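The values are calculated or read from the model by the stated rules, or taken from the named source; none is laboratory data. All values derive from a computational prediction rather than experimental measurement. All Cβ positions, even for glycine, are placed from backbone atoms using ideal geometry, and neighbour counts span all protein chains on display.
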Amino acid sequence: MNRIAAGLAALLLTISMSHVNATVRITHDPGGLIGKYVEKYQQLASAGESVIIDGLCASACTIVLSAVPTERICVTSRAALGFHAAWNYGQDGRISTDSEATMMLYSGYPGPVRQWIASRGGLKRHIMFLQGKLLHSMYRSC
């Protein structure tokens with residue numbers, strides 16, 4: 001193989017490898033610790049990766065909406081976003097709403113998502129789901 005062909009083959013391999021890593025698919029993510037999700041999605045956004053939401057993305061998973069630009073997120077017909085207030089364990093071991101973390105979550109969401117949440121009374125203890133036509137009106141379809 002000559003040098004030009006070898007260089008082209010290497011370039012094509014690099015492009016195809018980066019394309020494989022360029023998209024993250026969320027299929028079932030019930031959430032977890034906010035800090036881990038902030039770090040995870042900030043790294044993903046910095047790397048220029050895109051996100052396909054193809055199933056449940058709930059709780060801390062929804063931080064993806066704050067970290068990744070809207071134009072790099074698409075949703076499938078199976079996409080469902082689940083939102084609720086942030087919570088912590090109190091000194092007595094009981095779960096209590098963390099208003100500061102809840103405001104941080106809420107303020108990071110894009111405008112249409114914040115408006116939808118506000119129209120339902122804000123983030124509460126119980127989860128609410130954004131899906132279907134309304135979700136597809138806010139994010140492009142995959």
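Remarks
- Among all residues of region 85-106, there is none that is closer than 21 Å to residue 132 by Cβ and among the small types (Gly, Ala, Ser).
- Checking each residue of region 22-31 against the condition of being on the phi > 0 side of the Ramachandran plot, in a loop (DSSP other than H, G, I, E, B) and either in contact with a helix residue (DSSP H, G or I) (Cβ under 7 Å, 6 or more places away or on another chain) or among the charged types (D, E, K, R) (or both) gives at least one match.
- Condition met for residue 38 (surrounded by fewer than 18 Cβ atoms within 10 Å (Cβ to Cβ), assigned to a helix (DSSP H, G or I) and touching a residue at least 24 places away in the same chain (Cβ under 8 Å)): yes
- Given (1) under 17 Å from residue 127 (Cα atoms); (2) modelled with pLDDT of 95 or more; (3) in a strand (DSSP E or B); (4) not acidic (Asp, Glu), number of the condition residue 52 does not satisfy: (1)
- When residues of region 132-142 are limited to those that are in contact with a Ser or Thr (Cβ under 9 Å, 6 or more places away or on another chain) and surrounded by 15 or more Cβ atoms within 10 Å (Cβ to Cβ), the one nearest to residue 39 (Cα to Cα): 139
- Positions within region 127-142 being touching a strand residue (DSSP E or B) at 6+ places or on another chain (Cβ under 9 Å), hydrophobic (A, V, I, L, M, F, W, C) and assigned to a helix (DSSP H, G or I), in sequence order: 135, 138
- The residue of region 68-100 that is nearest to residue 125 (Cα to Cα), among those that are among the basic types (Lys, Arg) and assigned to a loop (DSSP other than H, G, I, E, B), is 94.
- Any hit, region 87-100, residues being touching a residue at least 40 places away in the same chain (Cβ under 8 Å) and crowded, with 16+ Cβ neighbours inside 10 Å: no
- Residue match in region 117-126 (condition: under 19 Å from residue 34 (Cα atoms), surrounded by 11 or more Cβ atoms within 10 Å (Cβ to Cβ) and out of contact with any strand residue (DSSP E or B) (no Cβ under 9 Å at 6 or more places or on another chain)): yes
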